[in-house]
1. Please list, ordered by first then second residue, the pairs with beta carbon atoms under 6 Å, 6 or more apart or interchain, first in the stretch 9-23 and without any contact (Cβ under 8 Å) to a residue 60 or more places away in the chain and among the β-branched types (Val, Ile, Thr), second part of a loop (DSSP other than H, G, I, E, B) and surrounded by 24 or more Cβ atoms within 10 Å (Cβ to Cβ).
2. Determine if the stretch 238-253 includes at least one residue that is out of contact with any helix residue (DSSP H, G or I) (no Cβ under 8 Å at 6 or more places or on another chain) and either open to solvent by less than 60 Å² (accessible area, probe 1.4 Å) or closer than 30 Å to Lys33 by Cα (or both).
3. Are any residues in the stretch 384-431 acidic (Asp, Glu) and either in contact with a strand residue (DSSP E or B) (Cβ under 9 Å, 6 or more places away or on another chain) or part of a strand (DSSP E or B) (or both), and if so, which ones?
4. Kindly provide the set of residues from the stretch 48-72 that are touching a residue at least 60 places away in the same chain (Cβ under 8 Å), part of a loop (DSSP other than H, G, I, E, B) and open to solvent by 10 Å² or more (accessible area, probe 1.4 Å), ordered by number.
5. Suppose we filter Ser354, Ser311 for residues that are part of a strand (DSSP E or B), in contact (Cβ under 8 Å) with a residue 12 or more places away in the chain and closer than 22 Å to Phe429 by Cβ; which single one remains?
6. Please determine, by comparing only the residues of the stretch 351-368 that are touching a strand residue (DSSP E or B) at 6+ places or on another chain (Cβ under 6 Å) and of a type outside the set (A, V, I, L, M), which one is surrounded by the fewest Cβ atoms within 10 Å (Cβ to Cβ).
7. I want to confirm something. Restricting to the stretch 375-392 and keeping residues that are of a type outside the set (A, V, I, L, M, F, W, C) and buried (at least 21 other Cβ atoms within 10 Å of the Cβ), which single residue is modelled with the lowest pLDDT?
8. Return the residue satisfying two criteria in turn: it lies in the stretch 178-196 and is touching a helix residue (DSSP H, G or I) at 6+ places or on another chain (Cβ under 8 Å) and among the β-branched types (Val, Ile, Thr), and of such residues it is nearest to Ile130 (Cα to Cα).
Amino acid sequence: MNNTKYTNDLIAFLNSSKVNFLAAKEITDRLDKAGFTRLDASERWNLTPGKSYYITKNNSAVMAFTLSACGPAAGYKIISAHSDSPGFRIKPNAEMLCEGGVVKLNTEVYGGPILYTWFDRPLSIAGRVILRGNDPLNPLSRMICIDRPLLTIPHLAIHFNRGVNDGNPLSRQKDMLPVIGIINSQFEKDNLILNLIAGELGVEPSEILDFDLSLFDTTPACKLGLDNEFITSGRIDDLSMVHAALTALLESDNCGMNRVMAIFDNEETGSGTKQGAASPLLLNLMRRINECLGGDEQDFQRATHRSFMVSADNAHALHPNYPEKQDPTNHPVPGGGPVIKINANCKYMTDADSAAVFRSICDRAGVPYQYFVNHSDIAGGSTLGNILTSQIDLRGVDMGAAIWAMHSVRETASTADHDYIIRAFIEFFNC
């Protein structure tokens, strides 16, 4: 079942996508290579049916699409996912000098990571640096990735906390600060991060206006298991779905509807940004496509009515050590195929109609499928689907791959499931 091509490419994608900004860059690099045309949202567009285009937002969200030749009312087949993962962001004025010259960095937790998994690992820094330009309203952006072990968050020895294995509440401000090195003077501490970034980029520190920098685990993604049936990596949630959506877009054929890949940012913090799913980013794109194809408002409403969205965000696999955490009759397993996610309180967009659509797509692709429903005593989260349907009148389904340790610094998924999902996504775009 293991499609080596897809699995190896997913590993390469994960290793290149250390943070949201680098994930977006990897996506756009692949789109450029495939012949997609980059559009500037500040300019007028002249779109050609049958051609492929993309736009970016804030360097971390990407909307790519291939236009149908069937007119403005053809409708949209959309796969949405998100580029961000939980972790740690570096605060301004981050350097904190400790006794003995040890320097730690002041960080802020992003999203909901499993904090314990970040201890005692080789970490480094990646993200976006903003440089001074000629236009104050349009400074320059540069991506940065220091691809070597640079920091660690050292755990307190068990000798000083004998009850650590019995439960140990953590302070995000005190316990989770990473150490970056040892210096000899207060002078060296000042602007340590700024000077580090400037050296990596080959610019003067005075050129740097600001930055969005995050920590990442430097351990590469890899396969494991007796038959390499698993993949383990950081950021599988949700970059495995991003990779599947991108692969399907590039490998599917032009059909009678517009094909769209919508990769948003900031899902882990509620999507409430200009590059998040709660923004009008996708709606504005669809309206602009409609206008460029010569459609009016009625054409747009007709196209929306004919459309369908797959909201792709990973699901919880049955844990071999905690089976009681899952619903008694619906417990997806690694390798069991795409997971259709259902919630009676509408945390997901799935209903019987959209679940049936996705089941039919899986059947046509020769792919198994399974269901996830929350244990009734355990509250679950929400994702992109219901946020997007609050502003666009879309049918759609929430789904994902069944994974272990969601929001850990390293998550585990099935290699077979990734192959299944790409096959289902290609069938969705082609049918």
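The values are calculated or read from the model by the stated rules, or taken from the named source; none is laboratory data. Note that the structure is a prediction, hence the values are computed from the model and not measured. With ideal geometry, Cβ positions are generated from the backbone for all residues, glycine too; neighbour counts draw on all protein chains shown. Areas reflect the complete protein model, heavy atoms only, side chains present, ligands, DNA and RNA absent. Shrake-Rupley method; radii C 1.70, N 1.55, O 1.52, S 1.80 Å.
1. Every condition considered, no pair remains.
2. no
3. Here is the first cut: in the stretch 384-431, the residues acidic (Asp, Glu) are 393, 398, 411, 417, 419, 427.
Within the stretch 384-431, Asp398, Glu411, Asp417 qualify.
4. Hits for the stretch 48-72 are Pro49, Gly50, Asn58, Asn59, Ala69, Cys70, Gly71, Pro72.
5. Values: Ser354 fails: part of a strand (DSSP E or B).
Going through Ser354, Ser311 in turn, just one is part of a strand (DSSP E or B), in contact (Cβ under 8 Å) with a residue 12 or more places away in the chain and closer than 22 Å to Phe429 by Cβ: Ser311.
6. Per the stated criteria, the residue is Phe358.
7. Here the residue is Thr383.
8. Ile180
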